[in-house]
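The values are calculated or read from the model by the stated rules, or taken from the named source; none is laboratory data. Everything quoted here is computed from the prediction, not taken from an experiment. All Cβ positions, even for glycine, are placed from backbone atoms using ideal geometry, and neighbour counts span all protein chains on display. Quick note on the areas: whole protein, heavy atoms, side chains included, nothing else; ligands and nucleic acids left out. Shrake-Rupley method; radii C 1.70, N 1.55, O 1.52, S 1.80 Å.
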Amino acid sequence: MVSSAVVLGLTAATVLVFTGVGLFAARGRIDSVETYISARDSAGSGTLAATVIASMMGVWILLSPAEAGAAFGGLPAVLGYAIGSAIPLLLFIPVGARIREVMPAGHSLTEFAYARFGSGMYLLVLLVSVFYMFIFLAAEMTGIASALALVADVPLWQTSLLIGGFVLVYTTYGGLLASIVTDTVQTLVILPLLAVGFGGALLSLGGTSEFHATVVSADPTLLDPTFGPGLEFGLYVAFALLGANMLNQGVWQRVYAADGEGALRRGMGIAAVVVVPMLLLSGLFGIAATGLGLTESGSASIAFFLVVAEAFPQWVTLAVVVLAVLLVMSSADTMFNAIASVVTADLARLLDDPDQRTLWLGGRGLTVAVALGAIFIGAQGYSVLQLFLTADLLASGVFVPFLAGLYTERLTGPGALVSGIAGLVVGFVYFPSLRGLVAAVPGVGSALPAPSFLIAFAGATLVSAALTVAATLLGGADADLDSLGREVRALDEPVADGGSER
Amino acid sequence: MTPPAVITLAALGSTAFGAVVWGSILLVLTVFLAVCWLVLTE
């Protein structure tokens with residue numbers, strides 16, 4: 001095992017360097033709450049691609065796809081993860097352009113939900129998106145803390161506090177701008193480190209022919225693209241990723257950060273192209289772990305690290321530590337700022353014409369609160385998989401009616417709310433993870449159908465979509481999409497009636 | 001044809017597997033170079 005002092009020292013050096021980059025990038029440039037939570041029209045296609053890749057690809061890419069490959073159906077499960085991660089990015093090309101067109105001075109998805117649908121749908125979207133983002137954050141802190149505990153026996157709280165604390169420093173100071181700049185540099189380190197690391201690991205395992213022969217002799221279904229259980233997993237994880245990412249405020253912030261529609265299209269397109277091979281390679285480590293007989297003791301969730309330990313000398317483990325720390329930092333800063341921005345943008349509306357100081361305190365105070373919560377949870381070593389799946393399910397039921405509001409004026413707030421809640425009811429009825437809770441409702445237990453993740457996720461999405469179509473057809477012209485652009489304005493913009501600047 | 005035979009036939013062949021793996025690594029490196037170029041020329 002690598003020395004914990006060496007791993008902690010390396011982790012500290014990594015977070016210090018990137019904290020310095022974040023502080024330097026934001027120095028003297030954050031002059032209002034608007035620039036703290038929005039980096040409007042500032043990112044070209046390369047920067048946008050880099051920040052989207054870094055934001056979405058957390059340390060989970062070293063854990064979940066490998067676990068899918070090892071325990072949930074081999075190659076088709078991994079392919080589902082990979083393709084399912086790319087689809088939302090491709091969808092954000094037209095949807096992002098529409099968001100910018102309908103609400104050009106907007107900041108957050110909840111701002112849109114309130115302006116378009118009213119308070120009912122706003123509360124549902126707020127609950128679902130903040131819950132998802134906080135679980136994402138907590139899972140990242142838990143993942144890195146568990147990984148460093150595995151490779152070097154580092155106490156959970158030390159990892160969580162060190163990484164969370166330093167990310168908090170530059171995110172609190174530099175907001176979204178610091179996040180985007182550090183993301184860009186981090187992506188330019190992460191991509192070659194991943195490619196060279198995976199290539200080296202494969203060669204250490206004897207090359208692709210040897211790897212293939214080992215896996216096929218252990219279990220040929222691992223590399224069978226048509227293996228049923230793997231296909232089922234791949235399909236439901238694609239539904240889960242779609243809903244969750246469409247309600248990810250971090251991506252919405254980057255839609256606004258794009259320097260025009262061309263940058264949005266190229267940036268999202270490049271990110272979509274690269275996440276597929278990244279997750280495929282990571283997933284192959286899980287398949288390798290199973291093929292090598294390393295996951296027999298129920299350790300599929302750390303399959304990636306098991307193979308690294310098997311195939312690589314200790315110094316390479318340190319490179320993996322740097323990679324994992326960068327992956328966590330780049331996602332954590334995004335989530336810190338994303339959660340804070342949702343609430344800050346809402347504060348501007350909820351408080352009666354607040355001044356800049358109040359919004360500053362709100363934005364930075366919330367960043368600190370979110371970070372402390374995530375650091376605390378990361379230090380506990382909880383299993384967050386069930387919470388993650390629950391958050392994904394909630395998003396699957398809500399995102400279709402929510403996004404439909406961008407395109408039709410006929411969908412009313414109550415129509416969207418009922419569509420979303422109906423989708424959630426179907427999802428919960430079939431959701432295996434909450435079976436006990438749902439069955440405890442009097443009179444429901446005996447009537448529940450057989451649980452299925454696929455039916456839960458697909459059902460939540462498709463039922464909410466069908467009801468959205470019905471509500472749109474039945475609804476009258478209730479909304480005025482043209483007025484949204486006038487209602488939602490920049491936080492440092494003078495009010496339209498000539499009132500004081502806030 | 002027995003089920004195991006079907007499974008074996010459906011499994012990805014060694015050459016195709018190698019192409020997928022090395023192709024993925026090359027694609028990641030290509031995107032890295034593309035992003036570098038785009039960022040530097042912004």
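Quick notes
- Exclusive hit being open to solvent by 10 Å² or more (accessible area, probe 1.4 Å), within 14 Å of chain B (Cβ to nearest Cβ) and under 26 Å from A:Val215 (Cα atoms), set A:Val320, A:Val276, A:Val316: A:Val276
- Unmet criterion (only one of (1) touching a residue at least 40 places away in the same chain (Cβ under 8 Å); (2) touching a Leu at 6+ places or on another chain (Cβ under 9 Å)) for A:Gly413: (2)
- Test: residue in region A:243-256 that is open to solvent by less than 10 Å² (accessible area, probe 1.4 Å), among the hydrophobic types (A, V, I, L, M, F, W, C) and within 12 Å of another protein chain (Cβ to nearest Cβ): no
- Residue in region A:80-89 that is over 16 Å from the mean Cα position of the chain (by Cα) and either open to solvent by less than 20 Å² (accessible area, probe 1.4 Å) or not basic (Lys, Arg) (or both) present: yes
- The set of residues in region A:15-31 that are small (Gly, Ala, Ser) and open to solvent by less than 10 Å² (accessible area, probe 1.4 Å) comprises A:Gly22, A:Ala26.
- Residue list for region A:1-46, restricted to those being aromatic (Phe, Trp, Tyr) and more than 25 Å from A:Leu109 (Cα to Cα): A:Phe18, A:Phe24
- Filter result for A:Gly267 (open to solvent by 10 Å² or more (accessible area, probe 1.4 Å) and within 14 Å of chain B (Cβ to nearest Cβ)): no
- Count - residues of region A:420-430 that are open to solvent by 40 Å² or more (accessible area, probe 1.4 Å) and touching a Ser or Thr at 6+ places or on another chain (Cβ under 6 Å): 1
- Residues within region A:274-294 that are at pLDDT below 95 and closer than 15 Å to A:Ala77 by Cβ, tallied: 13
- One residue stands out among those in region A:178-193 that are of a type in the set (A, V, I, L, M) and surrounded by fewer than 22 Cβ atoms within 10 Å (Cβ to Cβ): the one that is modelled with the lowest pLDDT, which is A:Leu193.
- Failed condition for A:Thr408, given (1) outside any loop (DSSP other than H, G, I, E, B); (2) within 25 Å of A:Arg98 (Cα to Cα): (1)
- Residue-level analysis places A:Ala257 among those that are among the hydrophobic types (A, V, I, L, M, F, W, C) and within 16 Å of A:His107 (Cα to Cα).
- Restricting A:Ala244, A:Ala271 to those that are at negative phi and at pLDDT 95 or above reduces the list to A:Ala271.
- Selection status of A:Thr47, among the β-branched types (Val, Ile, Thr) and open to solvent by 10 Å² or more (accessible area, probe 1.4 Å): yes
- The set of residues in region A:36-56 that are within 11 Å of chain B (Cβ to nearest Cβ) and not in a helix (DSSP H, G or I) comprises A:Ser42, A:Ala43, A:Gly44.
- Residue count, region A:57-79 (criterion: away from chain B (no Cβ under 14 Å), outside any helix (DSSP H, G or I) and over 17 Å from the mean Cα position of the chain (by Cα)): 1
- Selection over region A:346-378 of residues that are open to solvent by less than 60 Å² (accessible area, probe 1.4 Å) and either over 20 Å from the mean Cα position of the chain (by Cα) or among the hydroxyl-bearing types (Ser, Thr, Tyr) (or both) gives a count of 12.
- Count of region A:431-469 residues which are farther than 23 Å from A:Leu231 by Cα, β-branched (Val, Ile, Thr) and open to solvent by less than 40 Å² (accessible area, probe 1.4 Å): 2
- Of residues in region A:430-447 being out of contact with any helix residue (DSSP H, G or I) (no Cβ under 7 Å at 6 or more places or on another chain) and not in a loop (DSSP other than H, G, I, E, B), the one nearest to A:Ser119 (Cα to Cα): A:Leu437
- Pick from region B:5-19, criterion facing chain A (nearest Cβ under 7 Å) and open to solvent by 40 Å² or more (accessible area, probe 1.4 Å), ranking: modelled with the highest pLDDT: B:Ser14
- Within the option set A:Pro225, A:Pro229, being part of a helix (DSSP H, G or I) and open to solvent by 40 Å² or more (accessible area, probe 1.4 Å) holds for one residue only, A:Pro229.
- Residue list for region A:194-215, restricted to those being open to solvent by 40 Å² or more (accessible area, probe 1.4 Å) and facing chain B (nearest Cβ under 10 Å): A:Val196, A:Ser209, A:Glu210, A:Ala213
- Within region B:23-36, the set of residues being within 7 Å of chain A (Cβ to nearest Cβ) and not β-branched (Val, Ile, Thr) comprises B:Ser24, B:Leu27, B:Leu29, B:Phe32, B:Ala34, B:Cys36.
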